[in-house]
Structure formats: C-alpha cells, structure tokens
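First up is the structure itself, then whatever we jot down about it.
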Amino acid sequence: MKKFLALVMALTLCCSITAAVADTLTMVTNASFPPYEYYDGETIVGIDADIAAAICQKLGYELVITDMEFDSLIPAVSSGKADFAMAGMTVTDERAQLVNFSKSYATGIQAIIVKDGSPIASVDDLFVEGSSNKIGVQLSTTGDLYTTWDIEEKGLGTVVRYSNGNDAVMALLSGKVDCVVIDKEPAKAYVAANTGLVVLDTEYAIEDYAACIAKGNEEFLAKFDAALDELSADGTVQSIIDQYISAE
Ligand code: ARG
C-alpha cells in the first residue's frame, strides 16, 4: 500500500510538472540577426520575438526563447526539443521535407554587402566568367545554399561559411572575403553599425519567412496559423514590423 501511495504521489507530481511545463512554449532562434532577433542586454528582442510573444499570448502560453546556432534550429524543432523556430527563416522545399512551415509573416530579400568602392557593383558581377570572389555567408542559410549552387559549384568563386552574419561582416571588413550574401534587413543593420560598407541595390533573391513546427504536430500548427491570421488581419504583425523597420 505504501508503495502504491508513493507511486500515486510520484505520478501526481509528474502530472503537475507536465502541466506547469505545458503553460510555456519554447521558441528557438539564432539571435544575431537584427531586426528580427538580437540581444538588447540579456533579452532577445526583435520582430520575431514580438510576433511570437503576440501569438503565445493569444494562445494562452508564456513564451520562452532559446538562442542557438542557425543550423541547429530545424533539428531542435523536429526532435521536439522546441515547440517552434522563428529566425527570419526562409521557406524552402528542402526544409519543408523536415518540418512544417506556418503561414508566411514577412518577405525576405537576399542582398549583397561590399566595401565602399568594391568592383562588385551588382549581383550580376558575381556570375561573370572567370570570377574568383570569396563570398561570406552564414552557414546553412539560403545565402549559403544559393551561392554554393550558383557560384562555388560553377567554379566562379569560393563560399566562406561563418556561424553568424556578424562574423561574415567582420571578415569582409578585414578583407578575408569580397562580399557577404545575407538577408537585406540584417545587412542594413550591419552596414549601419560599421563604416565603409554598402548594401548593393540589386537583389539576389526574394523569399518568404515563416515559423517552423515539427511534422506530426499539425494541431499546434493550425492553432499557430489561426493566431497569426488574426494578428495579421488586425494589423498587429505590420505594426510590429514597422516598429523595427522604418519605411523607405
Ligand atoms: N533567411 C535566411 C534563411 O532562412 C537566413 C536566416 C538567418 N536567421 C538567423 N536568425 N540567423 O536561410
């Protein structure tokens, strides 16, 4: 009987712990990507953090954000370590084999950062026959994938992969790479924070950003999308974006 009681107590404790955990949703991100996610002191802020907080509030959960390497995000979601990822993540067919994507909440652009006066003046300059540029990217991002296919595999240059965008930009400043291919809004933030850099006007690619959720968790995906729909319809998503990105 004592044993039975102990078991019941253990189970009760277990359930109450589960219940407590169930009140929070864990989002994973890679927080070196302003204005989508970056540190303000110890806190991760940005467009993704704010949209995620609004979605969680609507669904009645508390949001916990965990920072990790960009290429760990999809494994964290698909293994169930995190409930969702939001990281200015582009929807791609390859990723959609591994995780489900929510509805898109923003458009992304792959842009090119160069030093002032660089011979690279437009995206086409990267594809000129006989080129041998060194292209800095963040590992596993679409900037990495596209330049690997379009430039490295065609013998038009070398792709140098960094664990975050800021490191790629530092490599550009110190002359280790000739340009950086990265999403346009972070590109603008990195350029504003450093002297001697410009973002080229021409665009490499236009993409959709979405959150990702584990396959098999379609019920949560539907709730997430419903909340996102409401927040798009009532203008919340746009007003969050406008808080971080000034109209050009
Ligand atoms: N949009 C690009 C991609 O999905 C880059 C995203 C990088 N995000 C980040 N938080 N570091 O591959």
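Read-outs throughout are calculated quantities, based only on the coordinates presented, and are distinct from any laboratory measurement. Keep in mind the model is a prediction, meaning the values are calculated, not measured. All Cβ positions, glycine included, derive from the backbone under ideal geometry; neighbour counts span all protein chains shown.
When only residues in the range 145-164 that are under 13 Å from Val177 (Cβ atoms) and within 21 Å of the chain's Cα centre (by Cα) count, which is surrounded by the most Cβ atoms within 10 Å (Cβ to Cβ)?
My answer is Thr147.
Looking at Asp93, is it closer than 30 Å to Ala227 by Cβ, out of contact with any Gly (no Cβ under 8 Å at 6 or more places or on another chain), of a type in the set (Asp, Glu) and buried (at least 21 other Cβ atoms within 10 Å of the Cβ)?
Numbers: closer than 30 Å to Ala227 by Cβ: yes; out of contact with any Gly (no Cβ under 8 Å at 6 or more places or on another chain): yes; of a type in the set (Asp, Glu): yes; buried (at least 21 other Cβ atoms within 10 Å of the Cβ): no.
When the stated conditions are applied, Asp93 does not pass them.
What are the residue pairs meeting all of these: first residue in the range 23-38, first residue within 17 Å of Pro75 (Cβ to Cβ), second residue within 7 Å of the ligand (Cβ to nearest atom) and acidic (Asp, Glu), Cβ atoms under 8 Å, and 6 or more apart or on different chains?
So the pair list comes out as Thr29/Glu37; Asn30/Glu37.
Do the conditions hold for Gly136, that is, is it within 16 Å of the ligand (Cβ to nearest atom) and assigned to a helix (DSSP H, G or I)?
Judged against the criteria, Gly136 is not a match.
Can you tell me which residue is nearest to the ligand (Cβ to nearest atom) among those in the range 75-90 that are more than 17 Å from Glu185 (Cα to Cα) and assigned to a loop (DSSP other than H, G, I, E, B)?
In this case the residue turns out to be Ala82.
Since Val28 meets every condition but one in (1) surrounded by 18 or more Cβ atoms within 10 Å (Cβ to Cβ); (2) in a helix (DSSP H, G or I); (3) within 12 Å of the ligand (Cβ to nearest atom), which condition does it not meet?
Here Val28 clears every test but (2).
Working only within the range 45-74, note down all residues that are assigned to a helix (DSSP H, G or I) and among the polar types (S, T, N, Q). Give the derivation first.
Here is the first cut: in the range 45-74, the residues assigned to a helix (DSSP H, G or I) are 47-59, 70-74.
Answer for the range 45-74, where residues must be assigned to a helix (DSSP H, G or I) and among the polar types (S, T, N, Q): Gln57, Ser72.
Can you tell me how many residues within the range 91-124 are away from the ligand (no atom under 11 Å from the Cβ), part of a loop (DSSP other than H, G, I, E, B) and among the hydroxyl-bearing types (Ser, Thr, Tyr)?
2
Looking at Glu129 and the list (1) in a loop (DSSP other than H, G, I, E, B); (2) in contact with an Asp or Glu (Cβ under 6 Å, 6 or more places away or on another chain), which single condition is not satisfied?
For Glu129, the failing item is (2).
Pairs under 9 Å by beta carbon, first residue more than 17 Å from Cys56 (Cα to Cα) in the range 76-87, partner of a type in the set (D, E, K, R) and in a loop (DSSP other than H, G, I, E, B), six or more apart or different chains?
Going by the 9 Å Cβ cut-off, the qualifying pairs are Ser78/Lys215.
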